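The values are calculated or read from the model by the stated rules, or taken from the named source; none is laboratory data. Owing to the predicted nature of the structure, the values given are computational and were not obtained by experimental measurement. Every residue, glycine among them, receives a Cβ derived from its backbone with ideal geometry; neighbour counts consider all protein chains shown. Areas reflect the complete protein model, heavy atoms only, side chains present, ligands, DNA and RNA absent. Shrake-Rupley method; radii C 1.70, N 1.55, O 1.52, S 1.80 Å.
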Amino acid sequence: MRRSLKVFIMILALGLATVKAQEKLPLKLVATTPMPGFTGDFDHFGLDLKGNRLFLAAEEHKTVEVFDLRTGARTHSIEGFGHPLMMDYLAGSNQLVVTDGEDGGSVRLVDCKQYKIIKTIRLSPEVDHGVFDPVKKYYYVESGGGANGPTHGLSIVDTRSFKHIGDVEGLPGSSNEGMVIDRAGRKLYVNLTGTDEVGVVDLKTRRLAARWALPDAHIAHAMVLDEPNHRLFIATRKPAMFIVFNIDTGTVVSALPCVGGNSDMSLDVARRQIYVTGSETASVFRQDDQDHYQHIAEVPTAYRAKSSIFVPELKRLYVAVSGKGKPDAKLELRIYEVE
């Protein structure tokens, strides 16, 4: 009788441990910074790891907000923008490059010591996404196209002289929602949103070298390059899918459902995990190998919590909770630690 009772208790304990393990999520909320007085959407982040600063574009507020990276406290508000969208921090000069969608489209240069805009380059309308090439120190900015334009382009800004030095022209479709450059600065991968494709741009010739069709998916947004494994990750919205391309062949090796309304995605190399942020949840995927991926969790977040950035050195995922379309929405910055 006693032995049977002991076995029963052991089985019960194992069962409870299994349930507890299943309930443990890979991301844990550790800090929240309320943003009273803010409305509408936040867009993308910028990072100054050495200076312990996080930057965030507040679209309707027309500012770039600055946060303490470790505590999440809001420390500064950079004014003078019309519609801030994408940005990249230049560590060598302590400056921030920001795309601004108003006033015909422009790129602004911010002095991050005084937190003031010091230079502006006017570009074609429909300025939006941007990507930084750390090899040549060029910033590629989406511009032109318009709502129904057959093509769009990329303006090239030399961040050392802060001058518009050239363009990548004739990209299919009216816009893109994500770009990434390889470490050698040779290829730029871009979402061709209007044609439901991924484009590969040869940065030496500044021409489109390849086009890869999305597998029955539309409105591609976030993009991440896993260069050691020769893989490119894409997140789409209609339907909401996490898609993996082989960059050597341009073929799809995996496609799994993910959170809707997604905007950003990050690769956690140390844990072989991918975080896709959207409205209400963050989808977490595990990379078993180059061609095999598993959806391991759907972490609750908040309404339109779609903008995010992962900082591997701190093991933290920073998520901006937006409020567009919801009058009573509570905008805030959330910090999640990787479990």
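Summary table
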| read-out | value |
| --- | --- |
| Evaluation of K113 against (1) open to solvent by less than 30 Å² (accessible area, probe 1.4 Å); (2) in a loop (DSSP other than H, G, I, E, B); (3) charged (D, E, K, R) (one fails), failing number | (1) |
| Test result for L314, in contact (Cβ under 8 Å) with a residue 40 or more places away in the chain and in a loop (DSSP other than H, G, I, E, B) | yes |
| Test: residue in region 250-262 that is free of Cβ contacts under 8 Å to residues at least 24 places away in the same chain, open to solvent by less than 40 Å² (accessible area, probe 1.4 Å) and not in a strand (DSSP E or B) | yes |
| Conditions (1) modelled with pLDDT of 95 or more; (2) over 19 Å from the mean Cα position of the chain (by Cα): number failed by L225 | (2) |
| Pairs where the first residue, in region 151-175, is within 14 Å of G130 (Cβ to Cβ) and the second is modelled with pLDDT under 95 and part of a loop (DSSP other than H, G, I, E, B), C-beta under 6 Å, 6+ apart | H152/G144; H152/G145; H152/S174; H152/S175; G153/G144; S155/L123; S175/G145 |
| Only listed residue being part of a helix (DSSP H, G or I) and open to solvent by 20 Å² or more (accessible area, probe 1.4 Å), chosen from G170, G194 | G194 |
| Check on T63, open to solvent by 20 Å² or more (accessible area, probe 1.4 Å) and either modelled with pLDDT of 95 or more or among the hydroxyl-bearing types (S, T, Y) (or both) | no |
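Residue-wise test of (1) within 20 Å of H61 (Cα to Cα); (2) modelled with pLDDT under 95.
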position: V97; (1), (2): yes, no
position: D100; (1), (2): yes, no
position: G104; (1), (2): yes, yes
position: K116; (1), (2): yes, no
position: K119; (1), (2): no, no
position: D128; (1), (2): yes, yes
position: F132; (1), (2): no, no
